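Structure first, then comments.
The values are calculated or read from the model by the stated rules, or taken from the named source; none is laboratory data. What you see is a predicted model; the values in this text were computed from it and never measured. Using ideal geometry, Cβ is built from the backbone for each residue, glycine included, and neighbour counts are taken over all protein chains shown. The accessibility values were calculated without ligands, DNA or RNA, using every heavy atom of the protein model including side chains. Shrake-Rupley method; radii C 1.70, N 1.55, O 1.52, S 1.80 Å.
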Amino acid sequence: MELERAIVVGSGPNGLAAAITLAQAGLAVDVYEAEAEVGGAARTLPLTSPGFLHDFGSAVHPMAVGSPFFKSLPLERYGLEWVHGEAPLAHPLDDGTAVVLERDLGSVDRVLGMDGRRWRALLDPLVEHWDEFVQDALGPVVRVPRHPLRMARFGMSAVQPARWIARNEFEGVRARALFAGLAGHSFLSFDQSLSSAVGLVLGAAAHAVGWPVAKGGSGVLTRALIAHLESLGGKVHASQRIDAQSWRALGGEKTLTLFDTTPRALAEIVGDKATAKFRDAARRFVPGPGAFKVDYALSQPAPWKAWECRRAITVHLGGTFDEIAAAEDAVGRGRCAERPFVLAVQPSLYDGTRAPEGKHVLWAYCHVPNGSDVDMTDRIEAQLERFAPGFKECVLERRVSSPGVLEAMDANLVGGDISGGAMTMRQFVFRTAYATGTPGVYLCSSSTPPGGGVHGMCGVHAARRALREWKGGAKV
C-alpha cells in the first residue's frame, strides 16, 4: 500500500531527528510525547528559584554541534546559537592547578608536557578528518565504513580498556587524569573493553568542534528541531502517553511507527504484535548505571581554587586517574563510591540568559548503580568543596534528582540510566537493531547505534532503514 503517514513515539532528539527524516521524504508525521514539556532529556526547566534555568539532562553538546544531521538543518534560523567557553574542559587537581583541554590541538605540548606528542598522535587523525570520522563513528554498526583503514585504527584503540590506554599511551599524572575524566563518560569500569571509546571521541570533538551549550538551554535545540519539523508539515503532541490501546487507536498496526523509547517500552506497547525474539531481547536488555544529579542556583560563580576552571563550562572532579578509576569500578560492582567522579557544568559563566544578573547556575552529577536510592548529595558537595572551597556558602537553592526522580520525569531514563543501556561489549550487538521483526515497527532511541548522546543519528538511521524497507516493498 502507499505509505503516507508515520508516527513517532517520544520527542527526544532521536525521535525528532527520525520525524524530520520521514517528513523530508514526504510523509505526514505525528510525534507523541508523554510529558507536558517536549524534548526528553534535552529540556530546560526552572528547577530551583525563578529566573534560574537548568538543563534537565543533556547540557553540553559536542556531539550535537558535530552531528552530520543537525549540521544539515537550518536550526540557527529557529533560534539555535552555540555558546563556547574559553576552553572545552578543565580538570582540577589537589595541587591547586587544573589540566585544561584547549580547542587548539597544538597546545597540548604546553599543557601535557612529555605526553603532548602522544596525545596528538592518538587524536590528530580523528581531529584532522573530523567530518569524515564522525560520519563513520555515528553510523550503524553493521556496515562497511567510508574510511575503513581510519576506522580500523580508531577501533584498535577504542576497544581497549581505559586503564590500558592510560598506562601505555601516557606517562604523566596530568594526561592520565584528563583521559580518565573523558573515559568516565562511558559509565564503564576502566578495566572493561570499550571504556576508551567515548573518551577518544569526546577528546577529538573538543579539539575539532568544541564542547558548547545552547544559548538559553538545551530546550532551545529541541524547539529548533520542532520548528523545522513543523515547517515540513509535521506535528508534535505533548501530554499524550502512548500505550497499547492508544497505539492501536492511532492505527499503529497499519502505520509506520518509530519508537524513541527503551526496547522494553516498545515491546509493551506493541504487545502480541512484537515477535518472540524481540520480546526476549527486550527483556534481556540491561540498562546502564544511573545518574544522581544536583542542580544549584548560586549567588556567585563557584570559587574554584584553580582559576583555570572558570575558563571552561565543563569541569571534571575526581582527581587522579586512579581515584576516578576506583570510583567507576565501585559503581560497576554495584556500590556507590565514597569519593565519586563528578561532572559539573557551569553554563551561566558564558550564557547570561541562564540566571538573574550576578547569579549563576551549576549542575553536578555522579554515577551510581542503576536504581540506587542512596543520597549522594553530601558526597557530590564534598568533591565540589575539595576543588572549590566555600562552594556551599554560594548555594541559594538546590534541586536533587535521584535515579528514581529522573525516571519519573522521563520514562526512558530507567533507573537513572542516561546512556540508553549499558555499553558493554556483550550488549553492543543489540544496538544493531533498528528493525524489530514486526512490519512497520522500528526502534530509534539511544538503545540503537551509535548509542547515547545528543546527535540525532539513532533516529536518522532508523528512519532511513524504515524508508528503504518501505520502498523496497516490505509490508508496512
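Restricting attention to segment 32-78, the residues that are touching a Lys or Arg at 6+ places or on another chain (Cβ under 6 Å) and within 18 Å of Leu413 (Cβ to Cβ) add up to 4.
Within the span defined as segment 306-322, every residue fails to be over 30 Å from Arg103 (Cβ atoms) and in contact (Cβ under 8 Å) with a residue 12 or more places away in the chain.
Right, Asp191: under 22 Å from Gly288 (Cβ atoms) and among the acidic types (Asp, Glu) or not?
Details: under 22 Å from Gly288 (Cβ atoms): yes; among the acidic types (Asp, Glu): yes.
Answer is yes for this residue.
Can you spot a residue in segment 38-47 that is surrounded by 23 or more Cβ atoms within 10 Å (Cβ to Cβ), part of a loop (DSSP other than H, G, I, E, B), at positive phi and of a type in the set (Gly, Ala, Ser)? Yes, segment 38-47 contains at least one residue that is surrounded by 23 or more Cβ atoms within 10 Å (Cβ to Cβ), part of a loop (DSSP other than H, G, I, E, B), at positive phi and of a type in the set (Gly, Ala, Ser). Taking segment 270-293, which residues are farther than 30 Å from Ala337 by Cα and either buried (at least 22 other Cβ atoms within 10 Å of the Cβ) or among the small types (Gly, Ala, Ser) (or both)? Listed by number, the residues that qualify are Val270, Gly271, Ala274, Ala276, Ala281.
Looking at segment 140-155, is at least one residue open to solvent by less than 60 Å² (accessible area, probe 1.4 Å), aliphatic (A, V, I, L, M), out of contact with any Lys or Arg (no Cβ under 8 Å at 6 or more places or on another chain) and at pLDDT 85 or above? No, segment 140-155 has no match at all.
The test for being outside any helix (DSSP H, G or I) and either small (Gly, Ala, Ser) or under 21 Å from the mean Cα position of the chain (by Cα) (or both) holds for Gly26. Against the test of being more than 23 Å from Ala312 (Cβ to Cβ), in contact (Cβ under 8 Å) with a residue 24 or more places away in the chain, open to solvent by 50 Å² or more (accessible area, probe 1.4 Å) and among the charged types (D, E, K, R), the options Asp329, Asp373 yield a single qualifying residue, Asp373.
Quick one: how many residues across segment 383-401 are more than 28 Å from Gly371 (Cβ to Cβ) and either at pLDDT below 95 or surrounded by 14 or more Cβ atoms within 10 Å (Cβ to Cβ) (or both)? Result for segment 383-401: 5. The residue that is surrounded by the fewest Cβ atoms within 10 Å (Cβ to Cβ), among those in segment 165-177 that are farther than 21 Å from Gly332 by Cβ and over 24 Å from the mean Cα position of the chain (by Cα), is Asn168. Taken together, the criteria exclude Gly271 from residues that are within 20 Å of the chain's Cα centre (by Cα), without any contact (Cβ under 8 Å) to a residue 40 or more places away in the chain and part of a helix (DSSP H, G or I).
Matching residues to (1) in contact (Cβ under 8 Å) with a residue 40 or more places away in the chain; (2) open to solvent by less than 20 Å² (accessible area, probe 1.4 Å); (3) within 16 Å of the chain's Cα centre (by Cα):
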{"position": "Arg163", "(1), (2), (3)": "yes, no, no"}
{"position": "Phe179", "(1), (2), (3)": "yes, yes, no"}
{"position": "Gly203", "(1), (2), (3)": "yes, yes, yes"}
{"position": "Ala208", "(1), (2), (3)": "yes, no, no"}
{"position": "Glu230", "(1), (2), (3)": "no, no, no"}
{"position": "Ala238", "(1), (2), (3)": "yes, no, no"}
{"position": "Trp247", "(1), (2), (3)": "yes, yes, no"}
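Checked against the criteria, Arg223 does not count as touching a residue at least 24 places away in the same chain (Cβ under 8 Å), assigned to a loop (DSSP other than H, G, I, E, B) and under 24 Å from the mean Cα position of the chain (by Cα).
Among the residues of segment 19-31, count how many are touching a His at 6+ places or on another chain (Cβ under 8 Å) and either open to solvent by 20 Å² or more (accessible area, probe 1.4 Å) or over 19 Å from Met409 (Cα atoms) (or both). Walk me through how you get there before you give the answer.
The first filter runs over segment 19-31 and keeps only residues touching a His at 6+ places or on another chain (Cβ under 8 Å), leaving 20, 30-31.
Among the residues that remain, those that are also either open to solvent by 20 Å² or more (accessible area, probe 1.4 Å) or over 19 Å from Met409 (Cα atoms) (or both) are: 20, 30.
Of the residues in segment 19-31, 2 are touching a His at 6+ places or on another chain (Cβ under 8 Å) and either open to solvent by 20 Å² or more (accessible area, probe 1.4 Å) or over 19 Å from Met409 (Cα atoms) (or both).
Considering each residue of segment 412-420 in turn, at least one proves to be in contact (Cβ under 8 Å) with a residue 12 or more places away in the chain, small (Gly, Ala, Ser) and touching a Pro at 6+ places or on another chain (Cβ under 7 Å). All of (1) among the charged types (D, E, K, R); (2) under 30 Å from Arg167 (Cα atoms); (3) open to solvent by less than 10 Å² (accessible area, probe 1.4 Å) hold for Asp351 with one exception: (2). Among the numbered conditions (1) without any contact (Cβ under 8 Å) to a residue 60 or more places away in the chain; (2) within 16 Å of Thr257 (Cα to Cα), the only one that Ile20 does not meet is (1). Per the conditions (1) among the aliphatic types (A, V, I, L, M); (2) touching a residue at least 60 places away in the same chain (Cβ under 8 Å); (3) buried (at least 20 other Cβ atoms within 10 Å of the Cβ), the sole criterion not satisfied by Ala344 is (2).
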